[in-house]
There are 2 protein chains.
Amino acid sequence: MNQAFNQTGRYEQLLDIVKGRMTSRQFDPDYVVPAEHYDMLLEAARHAPSGANAQPWHYIVVTDPATKKKIADYFVDEQRHRAKLKMKFPTPNYRGLETAPGMIVIVADFRYTRAFPVLGDGSALDRQYQENAERILLQSVAASTMSAHLAAAALGYGVWWVTAIGQESAQREMKPLLGVPEDLDIIDIFCFGPPAKPPYKRWKKTLAQIASRERFDMKNYQTPEDIERWIQETRHKVMYRDESKID
Amino acid sequence: MNQAFNQTGRYEQLLDIVKGRMTSRQFDPDYVVPAEHYDMLLEAARHAPSGANAQPWHYIVVTDPATKKKIADYFVDEQRHRAKLKMKFPTPNYRGLETAPGMIVIVADFRYTRAFPVLGDGSALDRQYQENAERILLQSVAASTMSAHLAAAALGYGVWWVTAIGQESAQREMKPLLGVPEDLDIIDIFCFGPPAKPPYKRWKKTLAQIASRERFDMKNYQTPEDIERWIQETRHKVMYRDESKID
């Protein structure tokens with residue numbers, strides 16, 4: 001075996017970090033993130049791949065407690081709103097945002113979809129290419145964000161990837177707060193810090209459940225009924241409980 | 001400083017891998033990927049975070065040369081089609097897919113958007129939540145894919161993240177080839193192997209160009225004209241040339 005392409009020591013170091021990345025939604029409120037840690041996280045984010053190498057991402061480091069509180073307030077309000085709409089989503093306690101020692105707001109520049117394969121003529125085919133282009137852009141920003149999360153996990157922090165803020169109301173509330181220009185989009189908030197409670201590993205599918213050889217293995221296919229049942233019976237357990245406690 | 005949250009050794013190991021992840025689009029055609037490497041890559045993918053912990057991803061390991069050739073053929077045809085449409089996108093040479101030693105096709109199950117915060121009532125507000133949900137799903141799959149790419153880079157491989165296959169024609173061609181059910185989506189192809197030519201580090205924005213403190217730093221804002229100019233004058237250089245050779 002060619003050892004240049006079998007650097008298992010490096011692989012094991014990575015896997016240790018990947019497996020050790022754990023979500024926390026409540027952090028030690030008194031911990032202060034050393035200033036250099038923000039740069040270290042964004043240095044990892046910076047080297048991610050992106051469609052057309054456009055790097056369509058911006059990161060806003062938020063340390064001001066008043067800003068954090070306003071962001072937490074928005075999410076708590078949104079949570080109440082969802083409850084009123086009877087959304088039935090097992091929402092986390094967004095109050096944890098307020099005291100997160102580390103907070104980085106992630107901004108995407110969707111105008112860079114123009115740099116990807118698109119026609120720009122408004123045709124039906126162009127709409128398919130446009131949708132593709134949006135996917136490429138989101139995947140690029142997610143790859144960059146994931147690198148930053150892994151960097152935080154490597155340092156020893158718990159992490160929280162807060163999504164679901166594409167609604168107009170979220171953008172209307174948060175863009176002025178953070179001085180984000182109208183033509184950019186806030187897409188995620190990344191919180192990190194020492195977990196307030198011991199973090200736990202969540203349930204993961206087995207390798208056999210996600211892998212196929214040569215052709216898609218139909219034993220891994222889920223029917224619409226399987227998915228519905230998963231949402232009703234399993235989702236709330238695998239979102240918040242320890243892997244060892246799933247009954 | 002609390003050393004439990006300042007594990008710089010682990011961080012440096014990660015950063016070395018993150019910075020060393022380099023794109024190759026042509027690989028050593030004679031190299032055979034050891035069987036255990038596929039599992040090692042997917043083991044990293046398996047532990048990624050996902051919205052509602054739904055893990056809406058499937059990975060198909062392709063080793064059959066006939067399948068690889070058909071996939072390469074599709075992309076080369078698509079490339080010709082784009083040229084005819086005068087798309088002006090500096091497309092890579094997709095022939096490299098045919099002889100990629102490692103190939104993993106990535107499949108997303110968009111039906112899991114139902115497990116994210118949505119209303120499902122077809123209202124205008126629901127459409128916003130649905131769009132959000134698709135974003136969450138794509139970001140989840142990208143986080144998982146990125147973990148696999150980093151695992152390949154850790155082992156020493158060059159990697160290629162092939163996107164832009166959402167068009168109906170791509171799905172129509174490739175789903176039967178890979179036995180992917182109609183209600184799932186092929187979203188990416190991940191190639192890896194020993195690079196045929198020495199890989200090179202591509203241009204990356206500086207930390208100052210992507211980072212702001214407290215509020216978005218308008219010096220990093222690009223006008224529509226800046227973006228247009230970047231597409232015309234810079235894109236083709238930063239996609240394919242060495243960082244040191246950008247003129």
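Would you mind giving the mean number of other chain beta-carbons within 10 Å of the Cβ of each residue in A:227-234, as a whole number?
That works out to 3 on average.
Structure note, pairs B:Lys175/B:Lys197; A:Lys205/A:Lys237; B:Lys70/B:Lys175: Cα-Cα distances above 23 angstrom occur for B:Lys175/B:Lys197.
For chain B, the gyration tensor built on C-alpha atoms gives a rounded shape. Its axis ratio a/c (a ≥ b ≥ c) stays under 1.5.
Peptide B:107-115 has a mean shielding of 4, counted as Cβ atoms of other protein chains within 10 Å of each residue's Cβ.
With label points defined 7 Å past Cα in the direction of Cβ, position A:Arg172 shows copy-to-copy spacings of 4.1 nm, given to one decimal and shortest first. Ascending distances from the A:Asn2 label point to its copies in the other chains, with the point 7 Å along the Cα-to-beta-carbon line: 4.6 nm.
Peptide A:38-48 has a mean of 5 when you count, residue by residue, the C-beta atoms of other protein chains within 10 Å of its C-beta.
In order along segment A:89-99, phi translates into HN-Hα couplings of 8, x, 5, x, 7, 6, 4, x, 5, 4, 10 Hz, rounded to whole numbers, per the Karplus curve 6.51 cos²θ - 1.76 cosθ + 1.60 with θ = phi - 60° and x for Gly and Pro.
Multiplying the residue separation of B:Asp217 and B:Arg80 by 0.36 nm and removing their Cα-Cα distance gives an extension gain of 45.2 nm. Calculated mean residue ellipticity, 222 nm, the protein assembly as shown: -13500 deg cm²/dmol, from DSSP H runs (n ≥ 4) at -39500 (n - 2.57) each, averaged per residue and rounded to 500.
Taken about its Cα centre, the protein assembly as shown carries a charge dipole of roughly 140 debye when the Cβ of each Lys and Arg holds +1 and the Cβ of each Asp and Glu holds -1.
Centre-to-centre, using Cα atoms only, segment A:17-57 and segment B:17-82 are separated by 25 Å. Charge dipole of chain A (Cα centre as origin; +1 on each Lys and Arg Cβ, -1 on each Asp and Glu Cβ, all else neutral): 820 debye, rounded to the nearest 20. With each label modelled as a point 7 angstrom along the Cα→C-beta vector, the A:Leu207-A:Glu228 pair spans 3.5 nm. Can you tell me how the protein assembly as shown classifies by the Cα gyration tensor, rounded, prolate or oblate, using a/c under 1.5 as the rounded cut? Note, shape of the protein assembly as shown comes out rounded.
Each other copy places its own label point for B:Tyr221 at 5.1 nm from this one, sorted shortest first, where the point lies 7 Å along the Cα-to-beta carbon line.
In the protein assembly as shown, taking the dipole from charged Cβ atoms about the Cα centre, the farthest positive-side position among B:Met146, A:Tyr157, B:Gln222 is held by A:Tyr157.
All of the numbers you see were taken from the coordinates with simple rules; none came from a lab. Bear in mind the structure is a predicted one, so any value in this text is a computation, not a measurement. Every residue, glycine among them, receives a Cβ derived from its backbone with ideal geometry; neighbour counts consider all protein chains shown.
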